[in-house]
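Please read the structure below before turning to the comments.
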Amino acid sequence: MPSRLLRVALIGVLTGVAVALCAETLGAHGMARRDVLFVQSINGPAIGPFLYLGAKHMVTGYDHLMFLVGVIFFLYRLKDVVQYVSLFTIGHSITLLAGVLGGIHANPYIIDAIIGLSVVYKAFENMGGFDRLLGFRPNTRIAVMTFGLFHGFGLATKLQEFTVSRNGLITNIVSFNVGVEIGQVLALTAVLIAICYWRRHRGFLRHSFAANSVLMTGGFILIGYQLTGFVTH
């Protein structure tokens, strides 16, 4: 089994490197041009639009969703799902608000690469990698909240890329954050329904290793993309 894990990790790394070498133009935290122009035109509180933009970003934010899929993959009790998702929410809410309202900046490519690493980390944990290769498993709760902080910085750097009016800024950023939570609940509800349906079939555990291998490879691709963007920009 350890050799199998190493093969999967190696394939993921090589895939990420290959994608990185082939990538020419990479943008971190892309937002639709229409949304950018709309946000920059707002002068004053606009709760509804920012709620919508926050929800839209989370629902279409494949990097965030990949990590959360990894987090809830083996959580069978609703209580545990709520606990882990709450830890993630606390983490990304802190850095989103601190980044935009407190003016704390970070390189978007490095932050996105770490977000990709969070996907790799959770998939590796789900595959039993830490137990088999290292003989121990890091505290998952701490890991989820810590990576949540980086996901929040990813959201913050998204908003820092363009000019947002200071008039009504607190209301709008809080609305955006609430919208993110709404989008997160909607997306996770759909994912959880799909996973619960899959768990009813005997093939779930048999194919869980392959599913997390795909998740890990996706994380490596994100890392490769963002590190290439960091170097080329």
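The values are calculated or read from the model by the stated rules, or taken from the named source; none is laboratory data. Here the structure is a predicted model, which is why all the values come from computation and not from measurement. Cβ placement follows ideal geometry from the backbone for every residue including glycine, while neighbour counts extend to all protein chains displayed. For accessibility, only protein heavy atoms count, side chains too; no ligands or nucleic acids. Shrake-Rupley method; radii C 1.70, N 1.55, O 1.52, S 1.80 Å.
A few remarks follow.
- Considered as an equivalent ellipsoid built on the Cα gyration tensor, the stretch 84-233 has semi-axes of 31, 19, 14 Å, the largest given first.
- Across all Cα atoms of the stretch 165-217, the radius of gyration (one decimal) and Dmax (whole number) stand at 18.0, 56 Å.
- Using alpha carbons only: equivalent-ellipsoid semi-axes of the stretch 92-138, gyration tensor based, whole Å: 31, 11, 8
- Ordering 191-200, 151-160, 50-59 by mean Cβ neighbour count within 10 Å, with the highest value first, yields 151-160, 50-59, 191-200.
- Taking 0.36 nm per residue of separation and subtracting the Cα-Cα distance, full extension of the segment from Thr140 to Ile42 would add 31.3 nm.
- For the set Tyr121, Tyr225, the ranking by accessible area, highest first and with no ligand, DNA or RNA atoms included, is Tyr225, Tyr121 under a 1.4 Å probe.
- The fraction of accessible area contributed by carbon and sulfur in the stretch 134-182 is 64 percent, rounded to a whole number (1.4 Å probe; ligands and nucleic acids excluded).
- Taking the inverse of the mean 1/r over every pair of distinct Cα atoms in the stretch 114-165 gives a Kirkwood hydrodynamic radius of 12.6 Å.
- Enclosing the Cα atoms of the stretch 70-112 in their convex hull gives a volume equal to 61 cubic angstrom per residue.
- When the Cα positions of Leu205, Gly224, Phe162 are compared along the charge dipole of the stretch 158-233, Leu205 comes out farthest toward the positive end, with charges on each C-beta of Lys, Arg, Asp and Glu.
- Backbone N within the stretch 126-166 under 11 Å of label point (7 Å from Arg199 Cα along the Cβ vector): none
- Per residue, the accessible area of the stretch 185-233 comes to 60 Å² when a 1.4 Å probe rolls over the protein heavy atoms.
- Fraction of alpha-carbon pairs over 12 Å apart in the stretch 188-233 - percent: 71 percent
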